[in-house]
């Protein structure tokens, strides 16, 4: 990853933060994107001169375009885009509203589609690159996420394959990572909620969550953001140069388990 130029959305907490930290450690230069300005700036300062924070609301195409163009201008190109931003979505089959639907699709699917749209010309011009999209085990199994969340993530997995076919001839690899139950603040309201709590309260919630998730997979521990960061590192690195159109499931074996259907 030495001197690779990377953009990570949803980079101010959880999986995005862990990936930014690992990529910088491995020698990459990283733009950390997200809406939490204070947290993003603090992470960039902690990681040093190889990390830069940029505000971006990925439900807006204009913000995505500006993020990618600014990163390409600053670095002279982009070697890897990690479309990782996400969050909670509401609405069941009988209660979903138009607003629920629009928000879920813009946040979870639109951010991926428009991220790929705006980075593709840059990567074509430089002769290649790598795109990683965060999907979910909810895309392939029921009972792993809400109604809209599952639908959007299934679409992310499929557009990943289609994009990999379209962009592969230009040397651009497109893959997805489907995390299982990973211990992140999304379980108690996401990064915005976590920022409202003290470090002690967040730590208490995290330890409680880890104990709860430890029983959710055949492996006797919870999944951690670092587990997904290592998967992203493989896909983004030269060692993953022949991997394209794939959905890498990192779930401790959870999708192999029988899950009782909802009643």
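Points to keep in mind about this one:
- Cα long-axis angle, helix 111-126 against the chain (0 to 90 degrees, to the nearest 10): 20
- Ordered by the count of other Cβ atoms within 10 Å of each Cβ, fewest first, 160, 92 give 92, 160.
- Of the peptides 22-28, 78-84, the order by per-residue mean of other Cβ atoms within 10 Å, starting with the highest, comes out as 78-84, 22-28.
- Only beta bridges with both residues in the chain are counted; by DSSP, about 0 percent of them are antiparallel.
- Sorted by Cβ density within 10 Å, fewest first, the residues 212, 142: 142, 212
- Using C-alpha pairs under 8 Å with a sequence gap of at least 6, the mean separation divided by the residue count of the chain gives a relative contact order of 19 percent.
- On full extension, the segment bounded by residue 65 and residue 96 gains 8.2 nm, given 0.36 nm per residue less the C-alpha separation.
- The distance separating the Cα centre of the range 104-176 from that of the range 216-261 comes to 16 Å.
- Ranked list, fewest to most other Cβ atoms within 10 Å of each Cβ, for 118, 158: 158, 118
- Subtracting the Cα-Cα distance of residue 203 and residue 37 from 0.36 nm times their residue separation leaves 57.7 nm of extension gain.
Any read-out appearing in this document is the output of simple, stated calculations on the displayed coordinates, not a laboratory observation. Owing to the predicted nature of the structure, the values given are computational and were not obtained by experimental measurement. A quick note on method: Cβ atoms are made from the backbone with ideal geometry, for glycine too, and the neighbour counts reach across all protein chains shown.
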